[in-house]
1. Please work out how much length the chain gains when fully extended from residue 67 to residue 172, using 0.36 nm per residue of separation minus the C-alpha to C-alpha distance, in nm with one decimal.
2. Compare the Cα positions of 64, 89, 160 along the charge dipole of the chain (+1 at Cβ of Lys, Arg; -1 at Cβ of Asp, Glu; about the Cα centre) and return the one farthest towards the positive end.
3. At a 1.4 Å probe, what is the % contribution of carbon and sulfur to the accessible area of the chain?
4. Between residue 56 and residue 23, what length comes free when the chain is fully extended (0.36 nm per residue of separation minus the Cα-Cα distance, one decimal in nm)?
5. Compare 156, 96, 23 in a GNM of the chain, Cα atoms joined below 10 Å, and give the one with the largest fluctuation.
6. Can you give the FRET efficiency for residue 47 and residue 124, using 1/(1 + (r/R0)^6), R0 = 30 Å, r = Cβ-Cβ distance, to the nearest 0.05?
7. At q = 0.23, 0.24, 0.32 Å⁻¹, what log₁₀ I(q)/I(0) does a Debye calculation on the Cα points of the stretch 17-61 give, no solvent, two decimals?
8. For the chain, set up a GNM with springs between Cα atoms under 10 Å and report which of 26, 130, 57 has the largest fluctuation.
Amino acid sequence: MSKVYVFDHPLIQHKLTYIRDEKTGTKEFRELVEEVAMLMAYEVTRDLPLEEVSVKTPVATATSKVIAGKKLGIVPILRAGLGMVDGILKLIPAAKVGHIGLYRDPETLKPVEYYCKLPSDVEERDLIVTDPMLATGGSAAAAISFLKERGARSIKLMCLIASPEGIETVQKEHEDVDIYVAAIDERLNDHGYIVPGLGDAGDRLFGTK
Ligand code: URA
């Protein structure tokens with residue numbers, strides 16, 4: 001069974017409150033999502049292996065540490081996942097960014113991939129899949145399956161808010177994928193929105209309705 005990490009850091013929780021607030025406008029919403037994604041990335045990368053190197057300081061030679069050659073990739077699920085990318089890139093500027101877009105087939109109700117562009121060495125990278133809202137979990141689970149079909153072997157899922165249903169779906173389908181969230185909310189409503197949630201993350205990020 002995969003693990004679920006809920007980040008209770010005061011800065012993350014404080015910023016999440018303003019992200020939820022319906023009075024928060026597009027510009028501030030976007031900035032806050034970016035900031036929270038950056039803070040979450042700090043924790044999500046906690047297990048990166050280090051190696052020792054020598055570095056000459058102005059005083060002497062120090063034995064110090066650098067990240068041991070791990071290649072990272074960020075894969076936002078279009079479109080709301082895009083809002084988390086720049087925050088992660090602030091901490092991991094060398095990460096490559098893939099994109100995946102899905103829609104739900106109105107007849108079969110199954111997720112269909114309409115866009116996917118990934119780093120060519122995806123199988124060698126540790127991937128962080130981003131989607132602010134883990135609602136039914138259907139899109140995230142399908143996106144992860146499509147990534148695995150293309151060779152991805154190491155995947156973490158990073159969301160702002162999850163529903164219990166969404167977590168269950170992803171855990172059932174992908175027991176190797178750990179899930180990182182800032183909050184787990186009560187439930188989904190009849191329209192598939194997370195309650196209390198924050199509304200439509202894509203619309204709030206991009207100022208659409
Ligand atoms: N997608 C959103 O943007 N918000 C929700 O509450 C659920 C899915």
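1. Difference between extended and current length: 34.6 nm.
2. 64
3. Carbon and sulfur: 52 percent of the exposed surface of the chain.
4. That works out to 6.8 nm of additional length.
5. So, out of 156, 96, 23, the one fluctuating most is 23.
6. Values: r = 17 Å, r/R0 = 0.57.
Calculated value: 0.95.
7. Once normalised to I(0) and log-transformed, intensities are -0.82, -0.85, -1.05.
8. It is 57.
The values are calculated or read from the model by the stated rules, or taken from the named source; none is laboratory data. What you see is a predicted model; the values in this text were computed from it and never measured. Note that each Cβ is placed from the backbone with ideal geometry, even for glycine, and that neighbours are counted across all protein chains shown. The protein model used for the area step is the full one, side chains on, heavy atoms only, and it has no ligands, DNA or RNA in it. Shrake-Rupley method; radii C 1.70, N 1.55, O 1.52, S 1.80 Å.
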